[in-house]
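Single-structure report; data block below.
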Amino acid sequence: MDFYVITLFPEMFESPFRGGMIGRAIEQRILAIHPHPLRPYGLGRYKQVDDAPYGGGSGMVMRPEPIAAAIDAVCAGHPALWKVLLTPQGEIFNQALAREFAAKTEGILLIAGRYEGIDERVRSMVDQEISIGDYVLSGGELAAMVVIEATGRLLAGVLGNPDSLKEESFAERTLEYPQYTRPEEFRGMRVPEILLSGDHAKIRAWREAEARRRTARRRPDLLERRKF
Ligand code: JBB
């Protein structure tokens with residue numbers, strides 16, 4: 001699957017994906033990331049991509065023409081790309097959206113903005129607007145990387161053990177149960193006896209109960225969301 005990214009900082013997309021699961025998927029050609037620099041589409045001698053807001057106010061706004069030209073250039077060769085704008089005004093990204101994105105076999109074009117905002121008319125040129133959460137970023141690049149990571153690891157052949165995907169789809173609705181590995185006792189804290197018992201039915205029941213209890217305590221919103 002191909003991820004195209006329109007960005008003023010294409011070099012940001014190099015090292016984060018070099019190692020690990022996504023790096024391996026790139027080597028195996030399961031996934032490819034194609035950063036597409038915005039700067040060459042800037043206007044005039046200085047390749048300007050931003051300007052002052054109409055109506056006044058502080059901060060610069062991204063002009064629509066360079067973004068439109070970059071989208072047209074990328075889409076000229078790949079007309080079926082799903083176009084996603086990273087913006088704090090978008091739908092909040094979650095695992096269900098990651099699964100939808102992983103099914104977009106034609107590929108995804110991510111558009112990462114900078115400055116204090118983008119011209120409103122850019123929104124009409126994309127298929128979807130996505131936010132990764134309610135905090136302020138300086139640009140859409142890190143948000144685009146989060147989308148690539150969460151989506152990329154769902155592609156067939158990326159994960160070492162597909163069983164862990166099944167467990168995760170349960171874990172989307174509850175937090176994980178508590179995990180322990182060796183040693184049996186660490187700084188006076190013992191591993192719960194039941195996990196050493198070898199009684200797998202009892203262990204499964206204990207884990208489910210712990211997961212539910214923790215979710216109710218820490219993330220009651222996850223349990224409520226199941227009703228919808
Ligand atoms: C950016 C995080 C866009 O679409 C908007 C908007 C507001 C502030 C900044 C930006 C462009 S940079 S994208 C995601 C930051 O309303």
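The values are calculated or read from the model by the stated rules, or taken from the named source; none is laboratory data. Computed from a predicted model, the values in this text were never measured in an experiment. Cβ: placed from backbone, ideal geometry, glycine included. Neighbour counts: every protein chain shown. Just so you know, the surface numbers come from the protein's heavy atoms only, side chains and all, with ligands and any DNA or RNA stripped out. Shrake-Rupley method; radii C 1.70, N 1.55, O 1.52, S 1.80 Å.
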- Query: Taking K104 as the anchor, which aspartates and glutamates have their alpha carbon closer than 19 Å to its alpha carbon, excluding any fewer than eight residues away along the same chain?
  - Reply: D2, E91, D127, E129, E149
- Item | Overall form of the stretch 110-187 per C-alpha gyration tensor (a/c, 1.5; a/b vs b/c) | prolate
- Whether the stretch 169-227 is rounded, prolate or oblate, judged on the alpha carbon gyration tensor where a/c under 1.5 counts as rounded: prolate
- Message: Suppose accessible area is computed on protein heavy atoms with a 1.4 Å probe; arrange I148, I92, I30 from highest to lowest.
- Response: I92, I30, I148
- In vacuo Debye scattering of the chain, one point per C-alpha: log10 I(q)/I(0) at q = 0.08, 0.09, 0.17 Å⁻¹? -0.41, -0.50, -1.22
- Note on the structure: Most fluctuating of R212, R114, R153 in the GNM of the chain (C-alpha, under 10 Å) is R212
- Message: Please report the accessible area of F9 (heavy atoms, 1.4 Å probe, ligands and nucleic acids excluded) in Å², nearest 10.
- Response: 80
- Let me know the shape class of the stretch 55-129, please: from the alpha-carbon gyration tensor, a ≥ b ≥ c as square roots of the eigenvalues, rounded when a/c is under 1.5, otherwise prolate if a/b is greater than b/c, or oblate. oblate
- Item | Farthest positive-ward along the chain dipole, Cα basis, beta-carbon charges - from T181, A73, I26 | T181
- Item | Using θ = phi - 60° and Karplus 6.51 cos²θ - 1.76 cosθ + 1.60, couplings along the stretch 194-200 (whole Hz; Gly, Pro as x) | 4, 6, 9, 6, x, 8, 5
- Debye intensity ratio in log₁₀ form over the Cα atoms of the stretch 1-121, taken at each q of 0.11, 0.13, 0.20, 0.22 Å⁻¹: -0.43, -0.59, -1.23, -1.38
- Gaussian network model of the chain, Cα within-10 Å springs - most flexible of D51, D134, D119: D134
- Item | Solvent-accessible surface (1.4 angstrom probe) belonging to W206, in square angstrom, nearest 10 | 60
- Using a 10 angstrom cutoff on alpha carbons, build the Gaussian network for the chain and name the most mobile of L137, L85, L195. L195
- Using the Cα centre as the reference, give the magnitude of the dipole from point charges on the C-beta atoms of the chain (Lys, Arg: +1; Asp, Glu: -1; all else neutral), rounded to the nearest 20 debye. 660
- Item | Leading residue at positive end of dipole, the stretch 115-193 (Cβ point charges), from G160, I148, I130 | G160
- Can you send over the solvent-accessible area of M145, 1.4 Å probe, protein chains only, in Å² to the nearest 10? 20
